[in-house]
Each structure stands twice: as structure tokens, then as C-alpha cells.
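Student: Shown below is the structure under consideration.
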Amino acid sequence: MGYILSQESANSGLLKEFLLESFEGLSTITELLPKLEKSPQDEEIINSIYRAVHTLKGAACFLHFAKLQELTHAAENLLELIKKKKLMIVPDVIDTLLSFSDLVGLILSSIESTSSEGASNVEDVVKRINDIAIGKISGVDSSSTHAPEPAEREPVVNHEVSPAAQKEWGVQGQDDGMPEKFGEDGSIQAGSGDQSDTPDRKKSVSDSVVRVNVNLLDKMMNVVGELVLNRNQIIQFATKFDNPELNRLASQLNLITSELQTDIMTTRMQPIGAVLNKFERIVRDMARESGKRINIRIEGKETELDKTLLEAVKDPLTHLIRNAVDHGLETPDQREKSGKSKEGLLSIRAYHEGGQVTVEIQDDGRGLQREKILNKAIKNNLISAESARQMSEKQINDLIFLPGFSTAEKVTNLSGRGVGMDVVRTNIERIGGVVDVSSKEGHGTTFKLRVPLTLAIVPALLIGDDNEYFAIPQVSLVELVLLEGERLSELESIQGAEFFRLRGELVPIVRLRNILNGVRTHVNSEIPDQSLNILVLNADGRVFGLIVDAIEDTQEIVVKPLKLLKSLSIYAGATIMGDGRVALILDPTGIASWSQLAQSKEDVEVVTETQAQDYQELLLFRLLDRCVYGIPLCLINRLEEIKRDQIEYVGRRMVLRYRGHVMPLIDLNEKFHIGKTNLERDRVPLLVLYLNHHYFGLLVDEISDITSSEMEIQALVKEQEGIMGSLFVGERTVTVIDTFKIIDCCEADDSKSVIDKDLVVKAKNKVVLVVEDSPLFRKMSIDVLEGQGYGVLAAHDGEEALAMLNQEKVDLVLTDVEMPKLDGFGLAKSIKDDKRFEKLPMIALTSRYSESDRAMGKKLGFVDYLEKFKREEIVASVNRTLLKAS
Amino acid sequence: MGLEAHQTEGLSKGTETRQYCGFTIGKDLFAVPVLEVQEVIKPQMITKVPLSKEGVCGLINLRGQIVTAVSLRTLLGLPASKNVEFMNVIARVGDSLVALVVDQIRDVINVTMDSYEPTPDTLVSPLRDYVSGVHKTDGRLLIVLDLDKIVKYFDT
């Protein structure tokens, strides 16, 4: 007896949750069905109904409501047909679905009052649904799109159910116009607006709680805002009169107002435990059903977040938990085989981090099986086999979030039919959150959900600029950097574009003051900066630095939209400060695009993938002949300005002490016999390169710009040592210098020749095929290899390379990865597939270096996978490979 | 019949009165329908909005609501006023509020529709762009502003 009682009380919380959730789902269905009839093509509506039914089914399964389960299962099948467009939506279908929702309502009401499903007969409706599904009744699209005959419009098989249901339930389906109700027990339901709750059930499921419309809370927040202003004015006023009584009253008002403000803000906050608690039961039940042993650990139940957000994360979390139990964790036998303890661990952790709430769901199960995921994605036509080969680990993991993806091999009762993960992502992103997955095959999977604390109030950093305040949402703030004294020089400037090197990453810099003055590039001001506050911001993947005058404070701000000025993209809205002033909220994304900062890295990657061309950034500079010269930016380590007296001489060679090294300086003017760089100037610009583990300094006349070009070297001007060729950048002709040649000379002077004389003899009759679409790198590779004494053939892309292989004898293929027509991976595959070239060694070069690409490369038979501009490594690898081959 | 209908229409149109909130900018008398005006307030602390269009004075805090203040002088191509005692006419446009910064506030003006004329051809841009019509009142023209057009200008 006692057992049953305690079991029941344990259940009652869950039952309440179930009822709340199911009624909500049901009202969604009832609301959407008529809409679906009007616009049957609207996939959004179909999907919403489908998801609602799906959730309902899931909940019914856990609590073992057999009738509901049967009903929802049938309805889900039907909806799936509609989703797949195998079934036309005709009034019959809608009628059936409506009678389904009526019946569900009836059963739910019965559960609410008696905790059992009652005596309702579900068979008729189930039969009706199944009949439609298998095409017994109109609705099945028999290859023609003819509209159903009017006669068929007289439908309604389930009149037995509908009227009864109407009486008890049907009225409740309508939300509008419901008068505010007083529950029998005296609880008050305020508000009748947006929340799609169905009023009647509240009296029984929520006794001690007042349900308040969120709109009302918003309004209260506004009123409190006004009160705050009023208070401020009164305090100001009170200081004018030295009246103790007035002062006392004013400070009292002050206290009360602040308290009220905090309270109203916190009314919206709720502990996440309310949602997490029910998972214990769900996991336990699921584990029993599937014969798994699972230990669930929940941490951080007390973590609070905004009510609306709590609601929004509930479903996604449930999905993730179900997935972890169903797909992630293995059965005890399987676990034992792979050397794990029989009991699987599922841990849920919620915590505050950086103004956001993070929920981690971690299992120690089998992890994501990438092979399977790829195959599935290819099978479902989500990706092409082509692109599958190029995907990184993370990209593969992310595939599970695509609509229509489900890894479960058979559809089980518990988890979805592919509804799950895409819904999770959509729902989380809708509320401004992020969901990430990381996984180690065989060791488990971790899902990380990050959502803002609240939508209305966001933590922000207040910054000052010319006596005005601005707020920046903390979400996008990565870090703060203060540059003072010596460190000021770390801010580099190239023609008005400023950069800062943050732990090796080049971060573009914009100045808030310039933006506010409408200036897109930085003009050196007369007054040198004393100190610089840089906010490093992340705007949708674009990281950049924003220089501001002063950093004030962090504060929770209430975001108000800028209705009239919404076309100004650099602002995300405005807020009212404690003293009643209005402060603008800056939008990092807007600022980035206003300042025309480079696209995020991902975007750039997309560009290179689709166009498969080498966009190369060139640093432009001038020499004494006033011509524009260029050097690939990737080779440049730093830009410096040096003074005459810093330069020292070793013999006739100029050197500079630089970062504990003796750095040789090369005067490019002298190199090209133009003249001598004037060292008597205040500052001489210097390009610092770091190659072959040495620093080199190139003295130039003037650094002028950075440009991005597709690197079409037009023609070689003339054979001049150290010059690679020329290309057009816009209107200008740029002479691209051959950095390696120049440095070679410098090294040769030191009698440290890179050319291994012994090797030259051996290499004489070896032929290397260079496959490279970028003329610059092609030229570079050819020069390097010829310098080593190899015979070199060159091809522009994979197709050309294959043609050459058929005609010429080649000992090694050195290929770029990203190329038009046939890329490096494709080429490798074709080569390996050809018996003749079985033993032909291949080396891959790339400008986009990632571990997963490397792994892919190894798999495809590349001997080595190297970065393009690491010449030393390339030479070593070629030598090594060819020696081994001979 | 056609004539009769026309006459009745003319009659009702003629006697129908309209209430306007009147204000001056420079020498001219302007008006917006009184129903669109929420209140008239004194100069407020204003937050400038960098990069906004010419004519946007900034944002003011009206009891917790953020209202965009618009200088009608700038909008109508007049030089900025030296008068510091300007007034803000808070008007509702759709679901947002806009504060019209004007020189001087006048009474509520009652006019009948028979004094109404569409915008005269002699009115030129930029004034013409924001006017919906004029009323011929005693001795002086009442220029009726079209708030939607003003808002649209700032919205795009």
C-alpha cells in the first residue's frame, strides 16, 4: 500500500508536467489544423503538427497511457505520409485529425480528473486514421492531383466521438475570448492573451501559483522603469532643499524602488531543476525498457533562467536525453565487450558561464559513429559523396543536426524518426542559443547547450566615448585588451587599416570613434594614443577588435528596440540607464559589416570551396623607383619600423637584433639595383619574415596596402633574379618578388646553401609533377624543385595532371588540394585507382591545413601532407620520398 | 441622382470638423491631427545617434519608452533655430512614438473640411514631401503634415 502511495506521489509531479505539456501540444494541434486546411502546402505547419503529435506520443509512452499511445502512433503515421507528400490534404484528412485531437482532449481530461485514460473508445478513430493512411478513404494522391468530389466532402465517421468531445472539451480549444477565470480553489488566472494555455485545467494543476501573462510582466518592468526615473528626479530635487524629512523619504523611496526593480526582474527567473528533475524518471523508464543500465547524475538544478527560455529548452533537452539513452549508451553486454563498466553514465550539468546558461549532457556510450553518419547523410541525399570526403570531424558531427537525419537504424517506440536533432537546433537557435556536439568514438558524446539567461535583460559592458555611453552585449565579448606604453606598438597599421596580433592571430581593429564619425579607415591622429582599450568581439564568427575611449562597467540592461531607426545596423537597440539617460546598444555584427571587415573564416572557406581558387593576400610596398611591389602576406611575420641607430653591421651585412636573434636585413632597393634605402629617415619600414626557422628583415621604402587577388600572374617582366612576375591589382601593376630567391642569396652568402650537392646527382633523372592552380605557388614550387636538380612538369589542375601522367614518366606528384575541375583528393583517388601508378608517391600541399584533411590525405595515399609555404619541409619531403623510392 | 449624391457628400464634407494640433516652424503654421498626438513636452535630455540620417535629433526617454526625436526644421530644409525653448510634440505612428521638435506650440485648431485643399503645386521639396494637404484658415495657411511619410523617410 505504502509503496503504491509513494509511487503515486512521485508520479504526481510528472503527471502534472505531462498534462501541462500535452494540453499545450494539443492546443497547438487544434489551432494549426484549420490553418493547414487553408494552406495545405505549408510545410512549416505540417512539421509543427507532426512535432506536437510526436512529443505527445513520447510522453504517453513514458507514462504508459496505452490508448493515447495507440492514437498518437496512428496519427503520427498519417502525418508522416502528409509530410512526405504521399497524402493530399483533403477535408476528410483534416476531419479525421480533428476528431483525433478531440479524442486526445477527452482522454487528457480524464487523466487529469481520474489519473486514468477513462472509458473512451479509441479504436474507431485509430481505424479511421489507418484507413486514410492506407488509402481506403479519399485523400491518397492517386498520381493525379484532382480535387476530391464534393460528395466526398460529407465525411465525419466519428460523429460518435466528436459531439461528446465538443461538449467536454471542444470549447476549451479556443483561446480567444475566454473570460478570466477564478479557479474553484480560489487561485486567480490573470491575463488571457498570448500564452496558449487552456484555462480550465489550471484550476486543478496549479493550486498555489498565480499564472501571470508575460506581457503583464513586461508592462510592469516598464512601469518600474518610469518609477526609477521619477525616483531619480525626486532625489535630485531633494538635494536642493536641505530638508531632513524630504531626504529621508527620498532615500526610502530609493530603496523600495530598487528592491521592486530587482524583484520584478527575478519574477521571470526559474530554476532549471523544474525541467531537469523529470529526466531521472524518464531515463530510468527508458533504461528498463531497453534493458540498459544507466546511472544518471544531475548537477546544477538551482541554476536559474528566464521562464520563456526555460520553456524553450525543455523539449530540446528531452530530445537529447532520449537520444543519449536510446542511441548513445550501449547495452550492458556491449559495454562489457568494449571494456567498460556495465552501467552507463549519463550526466547532466547546468551552470552559469559568461552571462549564459550552459547545459551539458554527457554520456559515456559508443559516441558518434562518423562512418555511419556519413553513409546515412549520403544515402539521404543530404550531402554528396564528393563533399563527404572533405568534411572535418566537426562538420561530420554537425550533420546530425540536418533536417531529415536520424541514425537509428530502426524506428523505435522511444526515439524519433528523424524529428529530433534538427528541432533541437532550431529551437535553441530561435532563442539566441547555441548547441554543440563533441564526441569520441567509443568513449561517449557531449552535447553542450548555451542559452542566454533572459531575452529581455542582457548583461552588457558599458563603454564611454566622448562623454556618451554605449552598451555592448557581453555575449559577443571575447576579451578585453589594454595596450599601454611599450605594448602600444603591437597595434600595426597598414594604410589606415589597423591590426593587432592576438596570440598569433591577426585581428582587424576598428575604432569606435571613427565609426561614430562615419570614417571607415583609421586616420592617424595628431595626438599619439596614450593607452588603448581594445574589446575583442566575436560577431557571428568574425573576430575583431574595437577600440573605445573608456570602459565603464558591466550592467544588466533592458533591451528596447529602435523602431524608427532600425535601418541603422550598427545598433542592436537602446536601453535606459540608471540616471534616465538613453544609451545605444552596439551590434558587433552590424559594426563588422559596416566597417567592411573580412568575412568570417567559414565564409571564406565556402568561397574557396566553391570556386576552388587561391585567393591570396599580398602586402604591397614601394621601393625608390615608386613602383608597387608585392609579397604574399602569409610569409610576413610582422611589420616593423626601425631607426638608423638600431641597425648593426656584421662585415658588410646589415643586421638587427630582433627577439633574441640576429636578424639579417636585406635592402630590397639595393637588391634590385635601384639604389639604397635612405636610412637617415626617422623610421624605415621593415618587413619581418620568419622562414626556415630564421628571421629575415626586408627594408623597403614605404608599405602601402594589403590586397587580395586571385593571383593571376600575367607575364614575367623579364628574367630578373628575385622577381617572380607581375600581376594586376585593380588598376595597378604589381611586381611580385620571389622571397625565397632573395633569402637564398642571403643564405648563400653565409655559405649555407640549401642545395644539397650530393642530391643533385641522384636527382638528375627524377621527374616531379607539380599540380597547382595558383600561378604564384606553381612558379615557386617549380623554382624550388629545379633548384634541387629535379626535372619538373607542371599542371594547372587534376585533369591536366592525369593527362600528363599518361604521356610522361613521372616519379612523384606534388599536388595542391584545392583546385578547380579535379581537386587534389580526386586526383589522388584517380591515381590510386590506376594500376600503372600503384607505386607513384604523392605529396599534398595546402594552404588550409587541418588535422582531418591530413587524415583524409593519408587515407587517400598521400605520403605527406604539407603547408604550401613551408618550402623547407616540402624540399625535405620530396628528397626523402624520392630517395626511398629509388 | 448623381448630382444629389454629390451634393450631400459635399455638404457633409464641408461641415465635418477636424481638430489639429498646431505649431510653428519658422514663419509657417503646421499641424498634425490631434488624435495622433499623445502629448507635448519640454526639451528633454537627448542622446545623439551617430550615423543616423540628417534630421534625427536623437533619442529621448519618455517615462521608460524610447522615442526618436526628429527636427522638423532640418527635415523641411530650414536653418537650425536659435531658439532654445523648442517643444517636442509626441506623436503616435503605428506602434512607435516619434517626437517632433518644433519652434512653438499653438492651440488645438478646429477647421472644417471645406477649407481643405490638396497640397498646392507651389509647394516645393523637401516641404512638399511631408505634406498631405493644407487648410485655408483666416489669414494664414495651415499646413498638414503626413506623419507616415516622415517616418518612412527615417525608416529607409
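The values are calculated or read from the model by the stated rules, or taken from the named source; none is laboratory data. These numbers come from a predicted model, not from an experiment. All Cβ positions, glycine included, derive from the backbone under ideal geometry; neighbour counts span all protein chains shown. Just so you know, the surface numbers come from the protein's heavy atoms only, side chains and all, with ligands and any DNA or RNA stripped out. Shrake-Rupley method; radii C 1.70, N 1.55, O 1.52, S 1.80 Å.
Student: Only one of (1) open to solvent by 10 Å² or more (accessible area, probe 1.4 Å); (2) farther than 21 Å from A:Arg288 by Cβ; (3) touching a residue at least 60 places away in the same chain (Cβ under 8 Å) fails for A:Phe62. Which number is that?
Tutor: Failing condition for A:Phe62: (2).
Student: State which residue is farthest from A:Phe696 (Cα to Cα) when the search covers only the range A:660-680 and only residues that are part of a loop (DSSP other than H, G, I, E, B) and open to solvent by 60 Å² or more (accessible area, probe 1.4 Å). Explain how you work it out, then say what you get.
Tutor: First, the residues of the range A:660-680 that are part of a loop (DSSP other than H, G, I, E, B): A:660, A:672-680.
Next, from what is left, pick out any that are open to solvent by 60 Å² or more (accessible area, probe 1.4 Å): A:660, A:673, A:676, A:678, A:680.
Values: A:Gly660: 13, A:His673: 19, A:Lys676: 18, A:Asn678: 19, A:Glu680: 21 Å.
Here the residue is A:Glu680.
Student: Hey, which of the strands (runs of 3 or more DSSP E) in the range A:542-659, taking only ones fully inside, have at least 3 residues that are within 28 Å of A:Ser704 (Cβ to Cβ) and either at pLDDT below 80 or of a type outside the set (Val, Ile, Thr) (or both)? I'd like the intermediate steps shown before the answer.
Tutor: Details: elements: A:542-548, A:550-558, A:571-576, A:582-586, A:616-622, A:628-632, A:636-642, A:647-650, A:653-658.
It comes to A:542-548, A:616-622, A:628-632, A:636-642, A:653-658.
Student: Could you please find all residues in the range A:406-422 being modelled with pLDDT under 75 and either closer than 13 Å to A:His319 by Cβ or of a type in the set (Lys, Arg) (or both)? Explain how you work it out, then say what you get.
Tutor: We begin by selecting, within the range A:406-422, every residue modelled with pLDDT under 75; these are A:406-420.
Once the filter is applied, which keeps residues that are modelled with pLDDT under 75 and either closer than 13 Å to A:His319 by Cβ or of a type in the set (Lys, Arg) (or both), the range A:406-422 yields A:Ser406, A:Ala408, A:Lys410, A:Leu414, A:Ser415, A:Gly416, A:Arg417, A:Gly418, A:Val419, A:Gly420.
Student: Can you give me the number of residues within the range A:281-310 that are under 30 Å from A:Arg211 (Cβ atoms) and either touching a residue at least 60 places away in the same chain (Cβ under 8 Å) or surrounded by 16 or more Cβ atoms within 10 Å (Cβ to Cβ) (or both)?
Tutor: 14
Student: Here is a list: A:Gly344, A:Gly328. Which entry is farther than 30 Å from A:Leu216 by Cα, in contact (Cβ under 8 Å) with a residue 60 or more places away in the chain and buried (at least 18 other Cβ atoms within 10 Å of the Cβ)? Step through it out loud before you land on a result.
Tutor: Values: A:Gly344 fails: in contact (Cβ under 8 Å) with a residue 60 or more places away in the chain.
After applying the criteria, what remains is A:Gly328.
Student: Considering the range B:30-67 alone, what residues qualify as being under 15 Å from the mean Cα position of the chain (by Cα) and under 26 Å from A:Ala572 (Cα atoms)?
Tutor: B:Gly55
Student: Here are some conditions: (1) closer than 30 Å to A:Lys858 by Cα; (2) among the charged types (D, E, K, R); (3) open to solvent by 60 Å² or more (accessible area, probe 1.4 Å). A:Arg370 meets all but one. Which one does it not meet?
Tutor: (3)
Student: Could you list, in sequence order, the residues of the range A:532-561 that are more than 7 Å from chain B (Cβ to nearest Cβ) and closer than 20 Å to B:Thr156 by Cα?
Tutor: Hit for the range A:532-561 is A:Pro561, nothing else.
Student: Quick one: which of A:Glu641, A:Glu648 is out of contact with any helix residue (DSSP H, G or I) (no Cβ under 8 Å at 6 or more places or on another chain) and without any contact (Cβ under 8 Å) to a residue 12 or more places away in the chain? Reasoning before the result, please.
Tutor: Details: A:Glu641 fails: without any contact (Cβ under 8 Å) to a residue 12 or more places away in the chain.
That would be A:Glu648, the only listed residue that is out of contact with any helix residue (DSSP H, G or I) (no Cβ under 8 Å at 6 or more places or on another chain) and without any contact (Cβ under 8 Å) to a residue 12 or more places away in the chain.
Student: Which number in (1) open to solvent by 80 Å² or more (accessible area, probe 1.4 Å); (2) within 13 Å of another protein chain (Cβ to nearest Cβ) marks the one condition that B:Val151 misses?
Tutor: All conditions are met except number (1).
Student: On to the next question. Among the residues of the range B:89-102, is there at least one that is in contact (Cβ under 8 Å) with a residue 24 or more places away in the chain, within 14 Å of chain A (Cβ to nearest Cβ) and of a type in the set (Ser, Thr, Tyr)?
Tutor: yes
Student: Among the candidates A:Asp834, A:Asp797, single out the residue that is in contact with a Pro (Cβ under 9 Å, 6 or more places away or on another chain) and without any contact (Cβ under 8 Å) to a residue 40 or more places away in the chain. Full working, then the answer.
Tutor: Numbers: A:Asp834 fails: in contact with a Pro (Cβ under 9 Å, 6 or more places away or on another chain).
The conditions single out A:Asp797.
Student: Something else now. Tell me, yes or no, whether the range A:273-294 has at least one residue that is assigned to a loop (DSSP other than H, G, I, E, B) and of a type in the set (A, V, I, L, M, F, W, C). Steps first, answer last, please.
Tutor: Of all residues in the range A:273-294, those assigned to a loop (DSSP other than H, G, I, E, B) come to A:291-293.
Filter once more, so that each one left must be of a type in the set (A, V, I, L, M, F, W, C): none.
No, that holds for no residue.
Student: What helices (runs of 4 or more DSSP H) completely inside the range A:715-826 contain at least 3 residues that are among the β-branched types (Val, Ile, Thr), modelled with pLDDT under 75 and open to solvent by less than 20 Å² (accessible area, probe 1.4 Å)?
Tutor: Values: elements: A:739-749, A:757-763, A:775-787, A:798-807.
By residue number, no helices (runs of 4 or more DSSP H) qualify.
Student: When the residues of the range A:547-561 are narrowed to those that are farther than 17 Å from A:Gln530 by Cβ and touching a residue at least 60 places away in the same chain (Cβ under 8 Å), which ends up surrounded by the fewest Cβ atoms within 10 Å (Cβ to Cβ)? Talk me through it step by step, then tell me what you get.
Tutor: We begin by selecting, within the range A:547-561, every residue farther than 17 Å from A:Gln530 by Cβ; these are A:552-561.
Within this subset, residues satisfying the condition of being touching a residue at least 60 places away in the same chain (Cβ under 8 Å) are A:552-559.
Values: A:Glu552: 14, A:Asp553: 10, A:Thr554: 15, A:Gln555: 18, A:Glu556: 16, A:Ile557: 22, A:Val558: 20, A:Val559: 17.
The residue in question is A:Asp553.
Student: Sticking with this structure for a sec: Taking the range B:132-148 as the search range and keeping residues that are more than 14 Å from chain A (Cβ to nearest Cβ) and not in a strand (DSSP E or B), which one is surrounded by the most Cβ atoms within 10 Å (Cβ to Cβ)? First the steps, then the outcome.
Tutor: Step one: list which residues in the range B:132-148 are more than 14 Å from chain A (Cβ to nearest Cβ), which gives B:132-146.
Right, trim to not in a strand (DSSP E or B) and you get B:138-139, B:146.
Details: B:Asp138: 5, B:Gly139: 5, B:Asp146: 15.
Filtering the range B:132-148 for residues that are more than 14 Å from chain A (Cβ to nearest Cβ) and not in a strand (DSSP E or B), the one surrounded by the most Cβ atoms within 10 Å (Cβ to Cβ) comes out as B:Asp146.
Student: Further question: Scan the range A:500-519 residue by residue and report those that are open to solvent by 40 Å² or more (accessible area, probe 1.4 Å), touching a strand residue (DSSP E or B) at 6+ places or on another chain (Cβ under 9 Å) and more than 13 Å from chain B (Cβ to nearest Cβ).
Tutor: Once the filter is applied, which keeps residues that are open to solvent by 40 Å² or more (accessible area, probe 1.4 Å), touching a strand residue (DSSP E or B) at 6+ places or on another chain (Cβ under 9 Å) and more than 13 Å from chain B (Cβ to nearest Cβ), the range A:500-519 yields A:Arg501, A:Glu505, A:Leu506.
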